[in-house]
Amino acid sequence: VELLYVPEAARPYLKGTHALIDLNAYASNLQALRSMLPSGSELMAVVKADAYGHGMVHCAFAAEPHVDWFGVARIQEGIRLRRAGVIAPILVLGPPNTEEIAAAQELDITLTVGCSQHLAEIAEAMTQRNCRCRVHLKVDTGMRRYGFMPDDAIDVARAIVNDRRLDLDGIYTHFSSADELDPSPTTTQIERFQNVVEQLGDEGIRPRYSHAGNSAAILTGRLGPTNLARAGIATYGLSPSEEVPIPSRFRPVLSLRTVISRRFTLAQGEGVSYGLSYRAPHAEEVATTTAGYADGLPRQLSNRGWFVVDGEPAPIRGRVCMDQTVVSVRAGVRVGDVAHVFGPGDKDEMTLDAIARFAGTNTYEIATRVTARVPRLYVRDDRVVAWEHLLLGDSGRISEAVESPQEASGEIGEGA
Ligand SMILES: *Cc1c(COP(=O)(O)O)cnc(C)c1O
């Protein structure tokens with residue numbers, strides 16, 4: 001990315017390890033997902049875990065025109081979105097922290113209920129407040145994590161509908177194996193879910209929303225009879241799994257970049273980094289960079305991964321350290337130069353899919369590892385339009401009106 005404009009407040013972040021979030025790619029991924037849904041179906045952008053490491057507040061702002069719902073895992077995450085000014089419906093997908101039920105209700109955050117203890121606690125909290133709480137009923141159709149078993153779900157739905165403290169807005173389930181080639185576990189789950197929805201319908205209980213599909217289910221078209229889909233990983237342009245890769249029209253949103261902090265030559269036979277696990281076979285030009293595993297780079301990339309410096313692959317030499325990594329470079333590289341750690345792959349840099357393979361995990365875990373000390377810069381049309389640095393509590397964005405390079409001095413810092 002050639003950045004045409006960077007607000008002054010965000011400029012220092014370019015001189016150290018930083019993440020770039022491509023908002024054009026994010027919007028286009030959201031539109032692509034929407035186009036894959038049956039007509040009339042709504043789309044939820046799942047922004048839990050700080051938007052899978054991309055930064056939940058600025059991602060939510062960017063997603064708001066394209067989606068109907070936001071999904072988070074914890075009430076605290078919903079609170080964060082509301083405090084930032086997000087007004088769209090928010091569903092907490094995980095079990096509620098029962099101490100936070102009142103706060104959720106006050107901020108119009110919809111809760112998931114998936115066990116009778118939580119159901120009782122939500123109702124009790126509403127008695128005290130003399131309020132109603134909007135809930136989605138979670139049915140455990142086979143994931144065996146959270147939710148009522150299909151047989152119990154009918155009784156529970158009846159009880160909720162007859163309880164003036166509760167508003168049954170939705171019913172849903174979650175797939176265990178939508179990201180695998182074998183469709184049968186998903187098909188079975190859809191059948192069980194559909195049975196519950198139909199039995200409720202027979203009793204005249206028809207919650208406004210019924211939903212099941214995650215990214216993998218959208219990509220494979222296994223949504224069942226639902227009217228809302230919950231997309232996380234695919235919105236960020238990343239593959240749910242190796243079996244369900246992301247189609248090429250999606251673009252990865254997140255890039256990580258760092259800078260060269262030292263240039264030097266390893267003599268033949270000299271070792272580098274902890275344990276001296278790499279020894280130069282001959283005199284070798286290398287460079288130290290300021291990115292390490294505490295920035296989100298898996299240590300499994302030691303002696304395996306590569307950065308891209310000056311348009312060339314720069315293989316990692318020796319162990320990835322907590323805060324620094326040494327790479328092999330060409331002679332012309334200088335201190336202060338940018339090193340591409342990972343991104344969409346258009347410069348032949350590592351992709352998150354590639355790193356996940358190296359590290360023996362999935363793209364979800366790699367993306368969510370990008371830590372609070374990495375400043376995030378949000379890019380639209382080659383301009384940094386927002387930034388956030390969790391460590392310093394620094395966040396801001398330029399208003400739409402001054403999103404032009406000519407008015408570079410007119411940016412508005414919003415404060416955290
Ligand atoms: C995280 C989550 C999602 C999103 O899953 P992706 O695979 O990232 O699309 C959907 N539903 C629930 C219940 C979740 O916890």
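The values are calculated or read from the model by the stated rules, or taken from the named source; none is laboratory data. As the structure is a prediction and not an experimental result, all values here were calculated from the model. Positions of Cβ are backbone-derived with ideal geometry, glycine not excepted, and every protein chain shown enters the neighbour counts. In case anyone asks, the SASA skips ligands and DNA or RNA and just uses the protein heavy atoms, side chains included. Shrake-Rupley method; radii C 1.70, N 1.55, O 1.52, S 1.80 Å.
The selection criterion, being buried (at least 16 other Cβ atoms within 10 Å of the Cβ) and not in a strand (DSSP E or B), holds for Val244.
Listed here are the residues, each with its yes/no results for (1) of a type in the set (Phe, Trp, Tyr); (2) within 16 Å of Ala386 (Cβ to Cβ); (3) out of contact with any helix residue (DSSP H, G or I) (no Cβ under 7 Å at 6 or more places or on another chain).
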{"residue": "Glu2", "(1), (2), (3)": "no, no, yes"}
{"residue": "Asp22", "(1), (2), (3)": "no, yes, yes"}
{"residue": "Asn29", "(1), (2), (3)": "no, no, no"}
{"residue": "Ser41", "(1), (2), (3)": "no, no, yes"}
{"residue": "His54", "(1), (2), (3)": "no, yes, no"}
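The helices (runs of 4 or more DSSP H) found entirely in the range 149-225 that carry 1 or more residues being closer than 19 Å to Arg34 by Cα are 215-220. Looking across the range 362-388, the residues that are open to solvent by 10 Å² or more (accessible area, probe 1.4 Å) and out of contact with any strand residue (DSSP E or B) (no Cβ under 7 Å at 6 or more places or on another chain) come down to Asn362, Tyr364, Glu365, Thr368, Arg369, Thr371, Ala372, Arg373, Arg380, Asp381, Asp382.
Between Ala229, Ala287, Ala280, the distinction of being more than 12 Å from the ligand (Cβ to nearest atom), in contact with a Gly (Cβ under 9 Å, 6 or more places away or on another chain) and open to solvent by less than 30 Å² (accessible area, probe 1.4 Å) belongs to Ala280 only.
All of Ala88, Ala73, Ala19 fail the test of being open to solvent by 10 Å² or more (accessible area, probe 1.4 Å), closer than 24 Å to Asn362 by Cα and at pLDDT 95 or above, apart from Ala73.
Would it be correct to say that Ala120 is in contact with a strand residue (DSSP E or B) (Cβ under 9 Å, 6 or more places away or on another chain) and either loosely packed, with under 15 Cβ neighbours inside 10 Å or not in a loop (DSSP other than H, G, I, E, B) (or both)? So Ala120 fails the test.
Each residue in the range 42-68 was checked for being in contact with a His (Cβ under 9 Å, 6 or more places away or on another chain) and either assigned to a strand (DSSP E or B) or surrounded by fewer than 19 Cβ atoms within 10 Å (Cβ to Cβ) (or both), and 4 of them qualify.
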